[in-house]
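Before anything else, here's the structure in question.
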Amino acid sequence: VQLQASGGGAAQAGGSLRLSCAASGRAFSSYAMGWFRQAPGKEREFVTAINWNGGSTDYADSVKSRFTISRDNTKNTLYLQMNNLKPEDTAVYYCAARSSRIAYALRTSYNYWGQGTQVTVSS
């Protein structure tokens, strides 16, 4: 599966952004999906994940109640709605697909990665 992330940009603290990840190739609904992010000088970290049909999600504590992951299997697209953004959310955001229907936070369990989209939040 090929993944293409988009929707990043600049926002003020307290603002919102919505990321999208378009998938092509093998059946999108075969994969659990996740969002990860990497800030300068830091390791890539888990943000959120969703199972194959959207019925189960998981979030990092740092984004709970602010970010929402969703997917539309009819459009082969994954979304990340980010509200109440904070400067510490500044990072390159990556979407990823896992060859399993079960959502999981472990970065190394994901087989396919998008190219990343930059999110910059100013105070």
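Determine the per residue accessible area of the range 14-77 with all protein chains present and a 1.4 angstrom probe, expressed in square angstrom.
Per residue, the range 14-77 has an accessible area of 50 Å².
Express the carbon and sulfur contribution to the solvent-accessible surface of the chain as a percent, rounded to the nearest whole number, probe 1.4 angstrom.
46
Could you point to the residue in Thr74, Tyr104, Pro87 farthest towards the positive end of the chain's charge dipole, with +1 and -1 charges on the Cβ of Lys/Arg and Asp/Glu respectively?
Thr74
Once label points are set 7 Å from the Cα along Cα→Cβ at both Ala105 and Gln2, what is their separation, rounded to one decimal in nm?
3.3
Before anything else, pin down the relative contact order of the range 1-94: Cα pairs under 8 Å, at least 6 apart, normalised by residue count, whole percent.
34
Non-local amide H neighbours of Ala103 (under 5 Å, H modeled in plane, Pro and chain starts lacking H): which ones?
Answer set, sorted by chain and number: Asn51, Trp52.
Same structure, new question: When the chain is modelled as a GNM with alpha-carbon springs shorter than 10 Å, which of Leu17, Leu106, Leu78 fluctuates the most?
Leu106
Note the full-extension length gain between Trp113 and Gln81 as 0.36 nm times their separation in residues minus their Cα-Cα distance, in nm to one decimal.
9.6 nm
With θ set to phi - 60°, apply the Karplus curve 6.51 cos²θ - 1.76 cosθ + 1.60 along the range 38-44 and write out the HN-Hα couplings as whole Hz, x wherever there is a Gly or Pro.
Result, ordered by residue: 9, 8, x, x, 10, 6, 5 Hz.
On to the next question. Compute the signed sum of charges (Lys and Arg +1, Asp and Glu -1) over the other residues within less than 14 Å, Cβ to Cβ, of Arg107.
+1
Run the dipole for the range 1-101 about the Cα centre, Lys and Arg Cβ at +1, Asp and Glu Cβ at -1, nothing else charged, and hand back the magnitude in debye, nearest 20.
Approximately 220 debye in magnitude.
The values are calculated or read from the model by the stated rules, or taken from the named source; none is laboratory data. Small disclaimer: the values here were computed from a predicted structure and weren't measured. Virtual Cβ from ideal backbone geometry, glycine too; neighbours counted across all protein chains shown. Areas reflect the complete protein model, heavy atoms only, side chains present, ligands, DNA and RNA absent. Shrake-Rupley method; radii C 1.70, N 1.55, O 1.52, S 1.80 Å.
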